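The values are calculated or read from the model by the stated rules, or taken from the named source; none is laboratory data. Computed from a prediction, not measured in an experiment: that's the story for all the values here. When we count neighbours, we look across all protein chains shown, and the Cβ atoms used for this are built from the backbone with ideal geometry, even at glycine.
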Amino acid sequence: MVVDDEPDIVEIVSYNLKNNDYKVLKAFSGIQCIKMARIHKPSLIILDVRMPDISGIETCIHLKNDPILKDIPIMFLTADSDEFTSITAMNVGGNHFVTKPIRPSTLISMVNEALH
């Protein structure tokens, strides 16, 4: 699942994942992510930090506190490159922290690593 409030980012990431034979769910907010994750139980969530309804950090906390969703790996993909944000993301349960922009080959490599 790709989660970002910027549709262009969702489309670019989704395109690259689909080109590597991944099925992709798209969400455009933290609340939508949580609802969709409960229904579809994705194998991985690629999550933006800054979103208007609830942040990616808050979304991650909700996911990790849900017994059904807590084991889904979360990759934060964000423009926030500061140390505080990356440490916070890892402390709430993120598995990877990657800054935008990301090269498609790096993205696919990290997704492959997270899923295997």
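Taking the stated definitions as given, is residue 58 at pLDDT 95 or above, among the charged types (D, E, K, R), surrounded by fewer than 19 Cβ atoms within 10 Å (Cβ to Cβ) and within 17 Å of residue 101 (Cβ to Cβ)?
Working: at pLDDT 95 or above: yes; among the charged types (D, E, K, R): yes; surrounded by fewer than 19 Cβ atoms within 10 Å (Cβ to Cβ): yes; within 17 Å of residue 101 (Cβ to Cβ): no.
No: the conditions fail for residue 58.
For (1) among the hydrophobic types (A, V, I, L, M, F, W, C); (2) in contact (Cβ under 8 Å) with a residue 60 or more places away in the chain; (3) not in a helix (DSSP H, G or I), each residue gets a yes or a no:
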site	(1), (2), (3)
59	no, no, no
72	yes, no, yes
80	no, no, yes
93	no, no, yes
97	yes, no, yes
101	no, no, yes
So which of 35, 64, 41 ends up being among the basic types (Lys, Arg), more than 15 Å from residue 108 (Cα to Cα) and in contact with a Gly (Cβ under 8 Å, 6 or more places away or on another chain)? 64
How many residues are of a type in the set (Asp, Glu) and at pLDDT 90 or above if we restrict to region 75-116? 1
How do the pairs read when you match residues in region 15-43 that are touching a residue at least 24 places away in the same chain (Cβ under 8 Å) with residues anywhere that are exposed (fewer than 12 other Cβ atoms within 10 Å of the Cβ) and hydrophobic (A, V, I, L, M, F, W, C), using Cβ under 9 Å and keeping only pairs 6 or more apart or on different chains? 22/115; 37/68; 38/68; 41/68; 43/115
In region 97-116, anything under 20 Å from residue 30 (Cα atoms) and either in contact with a helix residue (DSSP H, G or I) (Cβ under 6 Å, 6 or more places away or on another chain) or among the hydroxyl-bearing types (Ser, Thr, Tyr) (or both) is listed as 97, 99
Conditions (1) in contact with a strand residue (DSSP E or B) (Cβ under 8 Å, 6 or more places away or on another chain); (2) buried (at least 17 other Cβ atoms within 10 Å of the Cβ); number of the one not met by residue 100: (2)
Failed criterion for residue 51 (all others in (1) over 16 Å from residue 75 (Cα atoms); (2) aliphatic (A, V, I, L, M); (3) modelled with pLDDT under 95 hold): (1)
